[in-house]
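Just below is one structure, and these are the notes that go with it.
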Amino acid sequence: MKTSKITTILISLLILLNACQKQTPVELVDKTDDSNLINIQPLPPSLDSLYLVSDEDSSGNIGMLNTKFFAKLVYQSIRIDRPFRADSFTTAEAIFFDNKNPIRHNNRIIAYPSFDIGTLRFNNQIMNKFQRRIMIPLRGDSLIGFRYHLRNAYEYNYTNRWSTNGQDSFPPFEFTVNAPPQIRITNLVSGTINISEPLYIKWNCSSPEINLFISTEAGNLLQRQLIPILHLRIKNTKGEITIPVRILELLPVKKYSRYMFTFTSEYKFTREISGYSEKILIYSASVHSIMLNLQQ
């Protein structure tokens, strides 16, 4: 009898010990660390102005600007939340560079001219055509082609159409493009956060991957500039993420306190047209940017 009781007690202790060993790690992984869902992307050393669509990037989406294509059709639906002010709008931008005739100074390419492609329409709305100017040493202010831009009130279109009848030697084209699922951050508002604690973020979006661009805002009220700091690619497996402290500590909060957190859901692919030698980048994005003050 004594031997049977001792055996029973030992078995019970082993079962209890085994149960404890299995439960503790699962709880730690699931509730405190989403590092396995986050991939930190390398950033270029600086924005390459040779390939900019326009002179400003309202969304803070620095990843798109550094894609070195000579032709771009860009649609963005943007929400921006700042302290005491929110804004929302859509933008469409386009440019077609002439890479066969670069503008040089001291044997260095300083710009590419861009084509006049005629009347460009976005969803049957005629886009505004702007002349591009550049200061060329010894030549002064010079016209170097055209870019196209359109800004409207916020309206999310899941299907968009780009079309032109062409101009001179530039061929006509027509593209119908699907936009990605919308993204909306639901629990984060513009304000102050402490980076000594993990940052929990929740969104409404069905894209399999979410991009988070973190930029610091430098300058004054008259001239603000976004400086890219981090680009995170996040697997959207549960509609939320907890960013660990060790990632937040990569931000230079001792030097800068104001940061723009830009979340994007995006589609990006290329097309070709007969009569134009370069691949055309077609980029569509839903963007939600939130200004945050960070402190330790």
(message) Looking at (1) over 26 Å from F269 (Cβ atoms); (2) under 22 Å from the mean Cα position of the chain (by Cα), which one does G140 not meet, given that it meets all the others?
(response) (2)
(request) Would you mind stating whether N152 is among the polar types (S, T, N, Q), surrounded by 15 or more Cβ atoms within 10 Å (Cβ to Cβ) and closer than 23 Å to I78 by Cα? (result) no
(request) Answer yes if at least one residue in segment 244-260 is hydroxyl-bearing (S, T, Y), surrounded by 15 or more Cβ atoms within 10 Å (Cβ to Cβ) and touching a helix residue (DSSP H, G or I) at 6+ places or on another chain (Cβ under 6 Å), and no otherwise. (result) no
(request) Six or more apart or on different chains, Cβ under 9 Å: which pairs go from a residue in segment 268-291 that's surrounded by fewer than 16 Cβ atoms within 10 Å (Cβ to Cβ) to one that's basic (K, R) and part of a loop (DSSP other than H, G, I, E, B)? Could you list them? (result) T270/K279; R271/K279; E272/K279; S277/K100
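Answer yes if at least one residue in segment 170-191 is open to solvent by less than 70 Å² (accessible area, probe 1.4 Å), of a type in the set (D, E) and in contact with a strand residue (DSSP E or B) (Cβ under 7 Å, 6 or more places away or on another chain), and no otherwise.
Within segment 170-191, not a single residue is open to solvent by less than 70 Å² (accessible area, probe 1.4 Å), of a type in the set (D, E) and in contact with a strand residue (DSSP E or B) (Cβ under 7 Å, 6 or more places away or on another chain).
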(request) Could you figure out which of (1) at pLDDT 70 or above; (2) open to solvent by less than 40 Å² (accessible area, probe 1.4 Å) isn't true of N66? (result) (1)
(request) Name every residue in segment 250-287 that is farther than 22 Å from E93 by Cβ and of a type in the set (A, V, I, L, M), in order of residue number. (result) L250, L251, V253
(request) Name the single residue, out of those in segment 115-140 being aromatic (F, W, Y) and more than 13 Å from S54 (Cα to Cα), that is surrounded by the fewest Cβ atoms within 10 Å (Cβ to Cβ). (result) F115
(request) May I ask you to list pairs of residues, at least six apart or on different chains, whose Cβ atoms are under 7 Å apart, with the first in segment 158-171 being small (G, A, S) and the second being open to solvent by 70 Å² or more (accessible area, probe 1.4 Å)? (result) S163/R121; S163/E174; G166/P172
(request) Report yes if L143 is outside any strand (DSSP E or B), open to solvent by 30 Å² or more (accessible area, probe 1.4 Å) and of a type in the set (A, V, I, L, M, F, W, C), otherwise no. (result) no
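The values are calculated or read from the model by the stated rules, or taken from the named source; none is laboratory data. No experiment lies behind these values; they were computed from the predicted model shown. Neighbour counts are summed over all protein chains in view; Cβ atoms, including those assigned to glycine, are modelled from backbone coordinates with ideal geometry. Keep in mind that these areas ignore ligands, DNA and RNA; they rest on the heavy atoms of the full protein, side chains included. Shrake-Rupley method; radii C 1.70, N 1.55, O 1.52, S 1.80 Å.
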